[in-house]
């Protein structure tokens with residue numbers, strides 16, 4: 001049975017809700033009104049049992065109340081009522097009912113960690129011990145084009161090589177370029193005299209990048225202006241054989257069109273000395 005009385009009366013009680021407002025104070029195990037004021041309702045112990053039923057199963061942010069825990073006596077003399085709660089992360093913790101209802105406690109502590117991690121994370125590609133390869137390429141691109149203290153700045157930023165505003169954000173850079181195909185790939189500009197823009201960039205192997213350098217020697221053969229290595233790869237002639245033929249007075253046409261002879265490897269017989 002549920003009983004109740006008013007603060008203007010003097011009565012024995014074990015639990016009250018809410019805490020006495022202004023004009024009411026607790027003396028021992030009695031409740032007295034020390035100044036005139038409105039009649040404030042004070043609940044007795046039967047309300048704790050009803051409240052336990054109401055609290056069990058309720059959800060407060062990440063916490064779900066599982067069962068009533070214990071009574072906690074504070075040094076000031078007040079009593080707190082602890083509830084066993086299960087967090088969404090799987091951990092269980094004991095929380096005071098007032099902290100749950102007031103929204104002070106919202107998790108077992110994981111919410112604070114998640115909020116701090118989200119607040120200190122800019123893009124998530126440079127986590128400690130887990131830096132993405134795309135971030136390495138993007139960061140190197142930003143350094144050599146925008147940082148005058150970089151060792152490679154004179155080859156990029158000082159030459160007028162720029163980065164489009166869209167790619168100042170790493171998310172947009174990855175969205176346009178896609179993930180790096182493999183560890184042997186790196187960023188390559190198709191036209192070395194243009195900047196880092198979506199239409200002028202690709203992931204390329206080191207061999208392709210070497211053939212696309214500004215200081216490469218280009219020759220024209222059959223109407224195609226390419227580097228020596230590209231012509232050699234296209235006609236199946238080794239770079240060393242081509243250079244040797246040119247040094248011996250061969251023309252470019254003859255050096256590229258003449259197939260390379262393949263000699264049989266001699267068998268080596270080892271004799272016991």
- request: Work out the FRET efficiency for residue 66 and residue 213 from their Cβ-Cβ distance, taking R0 = 45 Å, and round it to the nearest 0.05.
  value: 0.10
statement: Expressed in angstrom, Rg and Dmax over the Cα atoms of the range 56-117 are 12.1, 39
field: Hydrodynamic radius (Kirkwood) for the range 216-273, which is based on Cα pairs only, to one decimal in Å
entry: 13.2
- request: For residue 263 paired with residue 202, estimate the spin-label separation in nm (one decimal), with each label point 7 Å from Cα along the Cα-to-Cβ line.
  value: 3.8
query: If you rank 68, 60 by fewest surrounding Cβ atoms within 10 Å, what's the result?
result: 68, 60
The range 215-235 and the range 68-102: distance between their alpha carbon centers, rounded to Å: 78
query: How far apart, in nm, are the 7 Å Cα→Cβ label points at residue 56 and residue 175?
result: 5.1
statement: Packing-ranked peptide list from 181-187, 212-218, highest mean Cβ count within 10 angstrom first, is 181-187, 212-218
- prompt: What FRET efficiency comes out for the pair residue 159/residue 253, r = Cβ-Cβ distance, R0 = 30 Å, nearest 0.05?
  reply: 0.25
statement: Gyration tensor (Cα only) of the range 127-183 to equivalent ellipsoid, semi-axes in Å sorted down, yields 21, 14, 10
- prompt: Counting pairs of Cα atoms in the range 133-273, how many percent are more than 26 Å apart?
  reply: 46
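Readers should treat all values here as calculations from the given coordinates under stated rules, not as data from a laboratory. In this text the structure is predicted, and so the values were computed from the model without any measurement. Here Cβ is always computed from backbone atoms with ideal geometry, including for glycine, and neighbour counts include all displayed protein chains.
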